[in-house]
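Worksheet: one structure, shown below.
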Amino acid sequence: MIIYNTLSRKKEEFQPLNPPNVTMYMCGPTVYNFFHIGNARSFIMSDVMRRYLEYKGYKVKFVMNLTDVDDNIIKQSIKEGTTAEEIAEKYTKTFFEDLENLGVKKADIYPKATEHISEMIDLIKKLAEKNIAYDIEGNVFYDISSFKSYGKLSGKNIEELEAGARVEIDINKKSPLDFALWKRAKEGEPSWESPWGNGRPGWHIECSAMSRKHLGESIDIHAGGSDLIFPHHENEIAQSEAVSSKEFVKYWVHFGFLNIQNEKMSKSLGNTITAREFLKKYSSQAIRLFFSQTHYRGQLDFYDELLTSTEKGLEKIINLSEKIQNEIIIGNKKGVMPQLDIDRYFQDFEIAMDDDFNTPRANAVIFDFVRDVNKVISENENIQVDFFIRANEFIKRTADDVLGIIDLNRSKKEQGKSLEHELIEMILMIRQKAKEDKNFALADLLRNELTKLGIELKDGKTGTTYKKNS
């Protein structure tokens, strides 16, 4: 299994620090508004990665932080005429609602910045003891000149960055690129006591402190949007490695940008779409399939037509799944056993996902499987239930467990216990009674009406069974 590492700018064999355990940290939201579909892409694709690692047998400890103290939260509280704490609480709640509706598995831990202030202060104190952090009137900054490999993640040239930053130079800082670790308290803003006076943490120190506490000094995977490479993730490395003298992250994973009809999504253009709005129009499964049809590192362009096409593709998978569920319920023990090598599809799926989580190729394998199984069903009668059980296992393990583009547990429940199934069974019972009474006209009428609805009946020695056609 190989993963593209932003740090080395190449694909590397995945070798976790402590197999079979994998530590994974994902930069979560700043909870000041509903998150948009670009964020949703990152959350969903990191979820797919985690699910596939678990599919491979790894024990993943997944942490996603919540930034609940930030300049944006304060600005939003002023806009809404409330407190920063109430804004953070409100949008933390909506974040979890939207994440669940997108089918994203819960993280093992959702650390909040405000619950880790002491860890942040401790980390800043360690940096100060090493003369890496310096205090100017209650504002504490990180001296980037003390970290010789600063810029190694982003590949940015420090001299060029400094030259470009001088237009916004802070005369109090040693360098215009030095970043805030602790901000002096301002009137009306949230603040905490510290050795440098009342204040609040800078953004970058939050993730270093929280990942350090919950996952250790060195972690396997750190994921986030491409926009976080610089300065956020660059600064995380500088903070964490300066304290521990160890490699902070082994594999850096970043997700590509999402554009709206070839334009960058931005508030100024008025084309920002929230995940909540997206979910009102499309199913979570269609959204997940849409995102997984482009490689996670690639740029993704959104058009309504693309989602419409995606929904049609998803319907093919769902229809086959329903056929399979029907056949499993019927449970035909006898008949033919098609010579379709389902193991080969598993192998092809894993080859695709092992190559840097190549979901477009993995999706192609699933659609090939759907096509080939439908062909087998159309060409054979009385297929053994064991074939359908094995086919169901493939869809369950790939489309459901890994990609999350269908919910097979829900489908199975609906298929077995739905009102639709009960009504069809009742009609079959009435039809059987009509045949016993030699009322063949009624029996034929019921068959013909069900056929019009796409429900095909099969009369056998042990009774009548049915299956739904696409």
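The values are calculated or read from the model by the stated rules, or taken from the named source; none is laboratory data. These numbers were taken from a predicted model, which means no experiment stands behind them. Here the Cβ is made from the backbone with ideal geometry for all residues, glycine too, and neighbour counts use every protein chain on show. Surface areas here come from the heavy atoms of the whole protein model, side chains and all, with no ligands, DNA or RNA. Shrake-Rupley method; radii C 1.70, N 1.55, O 1.52, S 1.80 Å.
Note on the chain: dipole from Cβ charges, positive end direction compared against ILE3, ASN319, GLN285; the farthest Cα belongs to ASN319. Think of the range 128-262 as having a plus end and a minus end, set by charges on the Cβ of Lys, Arg, Asp and Glu; of GLN261, ASN235, ASN172, ASN235 sits farthest toward the positive end of this dipole.
Quick check for me: using +1 on Lys/Arg Cβ and -1 on Asp/Glu Cβ, what's the dipole size of the range 82-204 about its Cα centre, in debye to the nearest 20?
380
The charge dipole of the chain, taken about its Cα centre with unit charges on the Cβ atoms of Lys, Arg (+1), Asp and Glu (-1) only, comes to about 1100 debye. Of the solvent-accessible surface of the range 110-152, computed with a 1.4 Å probe over protein heavy atoms with every protein chain present, carbon and sulfur atoms account for 46 percent. Across the range 19-34, coupling constants 3J(HN,Hα) worked out from phi with the 6.51/-1.76/1.60 Karplus curve, θ = phi - 60°, read x, x, 7, 10, 9, 9, 10, 10, 5, x, x, 8, 8, 10, 6, 5 Hz, and Gly and Pro carry x. Comparing ALA107, ALA88, ILE78 along the charge dipole axis of the range 1-114, the residue lying farthest to the positive side is ALA107, per the Cβ-charge model. Distances between placed amide hydrogens fall under 5 Å for PHE255 paired with GLY224, GLY225, SER226, all partners being 5 or more residues away or on another chain.
Name the GluC sites (Glu not before Pro) in the range 318-416 that are in a loop by DSSP and that have at most 11 other C-beta atoms within 10 Å, would you?
Numbers: sites: GLU322, GLU327, GLU350, GLU379, GLU381, GLU393, GLU414; in loops: GLU381.
Passing both the DSSP loop test and the Cβ count: GLU381.
Extents of the chain, taken as max minus min of Cα coordinates on every principal axis and listed largest first, are 98, 49, 38 Å.
Count Lys and Arg as plus one, Asp and Glu as minus one, and take only other residues whose Cβ is under 14 Å from that of GLY57; the net charge is then +1. Entry comment: accessible area of the range 20-139 is 41 Å² per residue, from protein heavy atoms only and a probe of 1.4 Å. In this structure the amide hydrogen of PHE14, modeled in the peptide plane, comes within under 5 Å of the amide hydrogens of ILE2, ILE3, none closer than 5 places in sequence on its chain.
Within the range 211-293, report the trypsin sites (Lys or Arg not before Pro) that DSSP leaves as loop and that have at most 12 other Cβ atoms within 10 Å. Here the sparse-neighbourhood loop sites are LYS246, LYS267. Sequentially through the range 338-344, phi angles give Karplus couplings (6.51, -1.76, 1.60; θ = phi - 60°) of x, 8, 9, 7, 5, 4, 5 Hz, Gly and Pro residues having no value and appearing as x. Please label the shape of the range 212-365 as rounded, prolate or oblate, based on the square roots a ≥ b ≥ c of the eigenvalues of the alpha-carbon gyration tensor (a/c under 1.5 means rounded; beyond that, a/b larger than b/c means prolate, else oblate). Oblate is the answer for the range 212-365, as a/c is 1.5 or above yet b/c matches or exceeds a/b.
If you count Lys pairs in the range 202-325 whose Cα atoms are under 27 Å apart, skipping same-chain pairs closer than 8 places in sequence, the total is 13. Ellipticity at 222 nm from helices only: DSSP H runs of n ≥ 4 in the chain, each -39500 (n - 2.57), divided by the residue count, give -15000 deg cm²/dmol. Taking the DSSP beta bridges with both ends in the chain, the antiparallel portion is around 50 percent.
Scan the range 330-360 for trypsin sites (Lys or Arg not before Pro) in coil per DSSP, keeping those whose Cβ has at most 13 other Cβ atoms within 10 Å, and list them by number. Of the trypsin sites (Lys or Arg not before Pro), the ones in loops of the range 330-360 whose Cβ has at most 13 other Cβ atoms within 10 Å are LYS333, LYS334. Across the range 426-438, computed HN-Hα scalar couplings (Karplus, 6.51 cos²θ - 1.76 cosθ + 1.60, θ = phi - 60°) run 5, 5, 5, 5, 5, 5, 5, 5, 4, 5, 5, 7, 6 Hz from first to last residue, x flagging Gly and Pro.
Rounded to the nearest 20 debye, what is the charge dipole size of the range 240-279 about its Cα centre when +1 sits on each Lys and Arg Cβ and -1 on each Asp and Glu Cβ?
60
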